[in-house]
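Engineer: Handing you a structure now.
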């Protein structure tokens with residue numbers, strides 16, 4: 001088999017960067033060579049001098065291509081990871097584990113993915129290479145961790161850590177969604193009630209008031225005018241709502257708009273610190289998993305950035321990564337960023353002082369998850385009664401205005 005020239009970018013266990021070029025029979029063999037040298041590859045590509053050289057494949061940032069059809073849900077990725085981890089831990093080969101996982105897949109999309117992975121693995125490719133080429137929008141750290149596990153001969157343990165990490169992330173996400181179901185339904189009922197009252201119920205009384213030729217109170221006239229406007233110009237209101245929503249989404253998609261909104265989420269007292277706690281917990285849990293897998297902290301920070309989600313937090317994390325790379329302590333860099341919860345900074349400092357940073361990061365993530373759940377419940381305990389009271393006051397005001405008008409008519413009759 002002819003040798004190919006590969007250009008690589010990697011880091012060692014101390015976090016020092018290494019770049020170079022090596023000759024190898026295949027991409028898999030090149031990864032094994034780097035592993036034997038104690039290097040963790042971040043990027044590996046064929047040299048341009050190779051005939052038919054392919055595009056750059058960055059192992060440090062898995063491609064987040066949105067696949068319109070065939071994209072797996074987080075729970076499906078979690079199920080596949082758990083299945084592979086259990087089967088490999090039991091001593092099965094990777095191709096046999098993929099074959100069994102394919103038969104156990106709960107959806108056609110998951111079955112197609114495992115079949116693609118199995119085909120590439122049987123052709124001699126590495127699992128990480130097959131995942132990277134699958135087109136699935138996997139998290140940015142996923143492929144890199146699988147690659148590091150293959151290079152270090154710890155793939156079953158790596159997949160087990162990934163499964164635990166993803167399980168906690170899915171649990172937190174679904175817990176938040178479940179907590180928001182009732183407020184969302186209540187808000188929908190409030191909006192529907194107001195629309196029905198103003199556009200269908202109140203216009204029925206307008207004919208009665210017009211026939212009476214009575215000077216109606218100001219509140220009754222205001223409510224009737226509002227109902228008449230909504231009934232006559234509902235199309236304009238709908239168009240304005242659509243245009244406003246589109247403008248808001250466009251502003252959020254812009255870099256400046258997203259940064260300002262994310263900054264507001266982190267610093268506003270209205271959110272009770274919930275976004276900062278959720279994002280930091282997800283970040284610390286990923287950092288803990290990457291560190292336990294043997295990656296140095298600077299490399300782990302670069303890989304874990306994609307899990308933060310919040311643009312302001314991403315910018316702060318980039319500064320933290322630069323300071324850590326230059327030799328600054330992790331906790332001091334977090335403290336200077338001024339966007340991370342104080343408990344996160346304190347536990348990170350304890351982890352550095354005791355030499356158990358990965359375990360303390362995991363403890364911090366657990367604490368922040370519990371705090372986030374508590375703050376969410378507190379936020380909803382305030383929001384739901386306020387929304388209920390608001391609905392009652394608005395409906396009472398509308399009905400009261402109509403009753404005042406009816407009483408005016410009765411007074412004229414007597």
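Engineer: Please enumerate the residues belonging to the range 367-383 that are in contact with a helix residue (DSSP H, G or I) (Cβ under 8 Å, 6 or more places away or on another chain) and either farther than 16 Å from residue 271 by Cβ or not assigned by TED's automatic domain parsing to the domain that holds residue 290 (or both).
Structural biologist: Initially, the range 367-383 is screened for residues in contact with a helix residue (DSSP H, G or I) (Cβ under 8 Å, 6 or more places away or on another chain), giving 367-369, 371-373, 375-377, 379-380, 383.
Matches in the range 367-383: 367, 369.
Engineer: I'd like to check something: does the range 156-164 contain any residue that is farther than 22 Å from residue 35 by Cβ and within 19 Å of the chain's Cα centre (by Cα)? Working first, answer last.
Structural biologist: Going through the range 156-164, the residues farther than 22 Å from residue 35 by Cβ turn out to be 163-164.
Subsequent filtering for residues that are within 19 Å of the chain's Cα centre (by Cα) retains 163-164.
Yes, the range 156-164 has at least one match.
Engineer: Which residue out of 130, 157, 192, 179 is assigned to a helix (DSSP H, G or I), assigned by TED's automatic domain parsing to the domain that holds residue 233 and modelled with pLDDT of 80 or more? It would help to see each step written out before you state the result.
Structural biologist: Working: 130 fails: assigned by TED's automatic domain parsing to the domain that holds residue 233; 157 fails: assigned by TED's automatic domain parsing to the domain that holds residue 233; 179 fails: modelled with pLDDT of 80 or more.
Exactly one of 130, 157, 192, 179 is assigned to a helix (DSSP H, G or I), assigned by TED's automatic domain parsing to the domain that holds residue 233 and modelled with pLDDT of 80 or more, namely 192.
Engineer: With the condition kept exactly as written, say whether any residue in the range 375-386 is within 30 Å of residue 205 (Cα to Cα) and either without any contact (Cβ under 8 Å) to a residue 60 or more places away in the chain or surrounded by fewer than 16 Cβ atoms within 10 Å (Cβ to Cβ) (or both). Steps first, please.
Structural biologist: First pass over the range 375-386, keeping only residues within 30 Å of residue 205 (Cα to Cα): 386.
In the following step, the residues that additionally are either without any contact (Cβ under 8 Å) to a residue 60 or more places away in the chain or surrounded by fewer than 16 Cβ atoms within 10 Å (Cβ to Cβ) (or both) were identified as 386.
Scanning the range 375-386 turns up at least one residue that is within 30 Å of residue 205 (Cα to Cα) and either without any contact (Cβ under 8 Å) to a residue 60 or more places away in the chain or surrounded by fewer than 16 Cβ atoms within 10 Å (Cβ to Cβ) (or both).
Engineer: Which of the helices (runs of 4 or more DSSP H) contained wholly in the range 236-339 include at least 2 residues that are in contact (Cβ under 8 Å) with a residue 24 or more places away in the chain?
Structural biologist: Values: elements: 255-267, 274-292, 297-304, 311-325, 330-337.
By residue number, 255-267, 274-292, 297-304, 311-325.
The values are calculated or read from the model by the stated rules, or taken from the named source; none is laboratory data. From a predicted model like this one, the values you see are computed outputs, not experimental measurements. Cβ coordinates were reconstructed from backbone atoms using ideal geometry, including for glycine residues, and neighbour counts include every protein chain displayed.
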